[in-house]
Amino acid sequence: MSRSAHPAGPRHADVLPEGHYSAPPADLNSLDPKVWSETVTRDEHGTLTVGGIDVKRLAEEYGTPAYVLDEDDFRSRARAWRTAFGDNADVFYAGKAFLSRAVVRWLHEEGLNLDVCSGGELATALSAGMPAERIAFHGNNKSVAEIRRAVEAGVGRIVLDSFQEIVRVAHIARELGTRQRVQIRITVGVEAHTHEFIATAHEDQKFGIPLAGGQAAEAVRRALQLDGLEVIGIHSHIGSQIFDMSGFEVAAHRVVGLLKDIRDEHGVELPEIDLGGGLGIAYTSDDDPREPHEIAKALTEIVTRECEAAKLRTPRISVEPGRAIVGPTAFTLYEVGTVKPLDGLRTYVSVDGGMSDNIRTALYDAEYSVSLASRSSDAEPMLTRVVGKHCESGDIVVKDAFLPGDLAPGDLIAVPATGAYCRSMASNYNHVLRPPVVAVKDGEARVIVRRETEEDLLRLDVG
Ligand code: LLP
């Protein structure tokens, strides 16, 4: 039976009344450090600056929309996770949140490992020089070609997601004359109280092998018998945008229970457990995420306590934060195109991007905040909805936001906390070109993923 364990915060659990929005902040020009990256500030003219560069210059040089990524902030978050977990644990950055070769190099330099979940992510990681043994390969339906490539490259672990895959990976490893280190991903029956599509550890979904009914134990039994596999541990990922640690507590309890059963049945103490990612970030001032050191302390204590109770050696822990590292490091810079007041309702502010660069609002009902970026303003707050340029009324970037009443076409606005799952889920809907990712640091900016061009579009369309 599922156990409801961790509401992901009211903004993600549909508990607020329909049409709810917070009251306007006392000062619309203020920048809440919870949602902005560490170098974001306003200069003496009121213009937003990041990494020592003002957004007007960024817009002139790189155009809008653009994802602007604060390299120092990325590195310090990566380092904070690394330091918090210390030498007895491993941090695997979840590349699905956002991956590029520059990011892979930063992670490598900061001593993190990398979780990839497709051949494309694996290729990106390898091409940027991430050592294969520091890569974990995920996915519920890895192709034979992807598995072969991963085994040949020598990835540190493949996370097995089904009975078929246990056999498939064992077979490929034997064929290649090697033994592949693997973890087995199980579902522990914790229901993540977050959006239904991003809850992954309850049983009625596609990931992992259920603990229920002895299926996970059977998977371990089979994997242990296969020459091509070295079973190093159990993996559990319970969901996304989670603030409450009690879901991890239940998951750790159940994973350790399985380790104990494995020890009792096979006389083997598996040396590792991976508790996945899913730690929440602040999208608006209402969200209160935890610091990496608090999370590390809580997870380590939970696992140690559970293992002591089960009389097991404490396994090496790994975690896979994606959003919690890259989410707050970037904002999306847009130019306002039209401002349309609807009497008695709100003002619609259309920007030059939309659901093609941020699908999360449409897909998950996600909440974002927004600020006027090219200048400050003392005008009265007006209730707005920031929308994109796509041919769809659900093309919403920020559902409810207060912006200054003098907002006008040509102003730049910035939506913070768009580092995770925005560029990586971007599309070409309406043949809109995907924005670049511009990294800023110490007064310098450089494009790490360039803007798509019409030539790119036409190159794929072979007539
Ligand atoms: N590990 C595994 C096995 C995962 O499946 C995921 C996310 C992560 C780690 C990283 O989770 P994070 O720390 O980034 O929350 N597109 C959705 C999120 C999907 C997450 C899928 N798996 C969103 O935009 O919210």
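Taken together, the values in this text are just the output of simple stated rules run on the coordinates, not laboratory data. These numbers come from a predicted model, not from an experiment. Note that each Cβ is placed from the backbone with ideal geometry, even for glycine, and that neighbours are counted across all protein chains shown.
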Dipole magnitude (debye, nearest 20) for the chain, charges at Cβ of Lys, Arg, Asp, Glu:
1400 debye
Quick one: net charge of residue 382's neighbours, Cβ under 12 Å, K/R +1, D/E -1?
0
Restricted to the range 293-431, the DSSP antiparallel beta bridge percent, nearest 5, is 85 percent
Specify the inter-centroid distance of the range 156-171 and the range 280-305, based on alpha-carbon positions, in whole Å.
31 Å
Hey, fewest Cβ within 10 Å first, where do 307, 422, 391 land in order?
391, 307, 422
Using the Kirkwood radius over Cα pairs of the chain, the Stokes-Einstein translational diffusion coefficient at 10 °C and 1.306 mPa s, in µm²/s and rounded to a whole number, is 69 µm²/s
By average Cβ neighbour count within 10 Å, what is the ranking of 160-166, 373-379 from highest down?
160-166, 373-379
First check a/c for the range 325-449, with a ≥ b ≥ c the square roots of the eigenvalues of its C-alpha gyration tensor; if it is under 1.5, answer rounded, and if not, answer prolate when a/b is larger than b/c or oblate otherwise.
oblate
Quick one: helix 163-175 against the long Cα principal axis of the chain, what's the angle to the nearest 10°, folded into 0 to 90?
70 degrees
If r is the Cβ-Cβ distance from residue 343 to residue 316 and R0 is 51 Å, what FRET efficiency results, to the nearest 0.05?
0.25
Subtracting the Cα-Cα distance of residue 392 and residue 204 from 0.36 nm times their residue separation yields 64.5 nm
Using the Kirkwood radius over Cα pairs of the range 138-321, the Stokes-Einstein translational diffusion coefficient at 10 °C and 1.306 mPa s, in µm²/s and rounded to a whole number, is 94 µm²/s
Helix 71-85 versus the longest principal axis of the chain: what angle, 0 to 90°, nearest 10, using Cα atoms?
30 degrees
Mind listing the phi-derived Karplus ³J(HN,Hα) values for the range 28-44, rounded to whole Hz, using 6.51, -1.76 and 1.60 with θ = phi - 60°, and x for any glycine or proline?
5, 8, 6, 10, 6, x, 5, 9, 9, 6, 5, 9, 6, 7, 10, 7, 5
Work out how much length residue 87 to residue 305 would gain on full extension: take 0.36 nm times their residue separation and subtract the Cα-Cα distance, in nm to one decimal.
76.6 nm
Any of 34/297; 297/441; 96/389; 340/389; 399/441 with alpha carbons more than 24 Å apart? Name them for me.
297/441; 96/389; 399/441
For n ≥ 4 DSSP H runs only, could you compute -39500 (n - 2.57) per run for the chain, divide by its residues and tell me the 222 nm figure to the nearest 500?
-8500 deg cm²/dmol
Tell me the relative contact order for the chain as a rounded percent, counting alpha carbon contacts under 8 Å between residues six or more apart.
21 percent
Within the chain, the percent of DSSP beta bridges that are antiparallel, given to the nearest 5, stands at 45 percent
Treating only the Cβ of Lys, Arg, Asp and Glu as charged (+1, +1, -1, -1), what charge dipole size does the range 53-202 show about its Cα centre? Round to the nearest 20 debye.
560 debye
A chain fully extended from residue 288 to residue 144 at 0.36 nm per residue, minus the present Cα-Cα distance, gains in nm 47.6 nm
Given 144, 318, 49, which one lies farthest toward the positive end of the charge dipole of the chain, if we put +1 on the Cβ of every Lys and Arg and -1 on the Cβ of every Asp and Glu?
144
Please tell me the relative contact order of the range 138-321 in percent, rounded to the nearest whole number, where contacts are Cα pairs under 8 Å and at least six residues apart.
19 percent
Point-charge dipole on Cβ atoms (K/R +1, D/E -1) for the range 334-463, about Cα centre, debye to 20:
260 debye
Under 20 Å from a point 7 Å along the Cα-to-Cβ line of residue 153: which residues of the range 442-463 have their amide N that close?
449
Relative contact order, percent, of the range 388-463 when contacts are C-alpha pairs under 8 Å separated by at least 6 residues?
18 percent
Quick one: if the Förster radius is 41 Å, what FRET efficiency do residue 225 and residue 446 give, using the C-beta to C-beta distance and rounding to 0.05?
0.20
Extending each Cα 7 Å along its Cβ direction at residue 176 and residue 27, get the distance between those two points in nm, one decimal.
5.6 nm
To the nearest 0.05, how large is the calculated FRET efficiency for residue 38 and residue 408 if R₀ is 30 Å and r is the Cβ-Cβ distance?
0.50
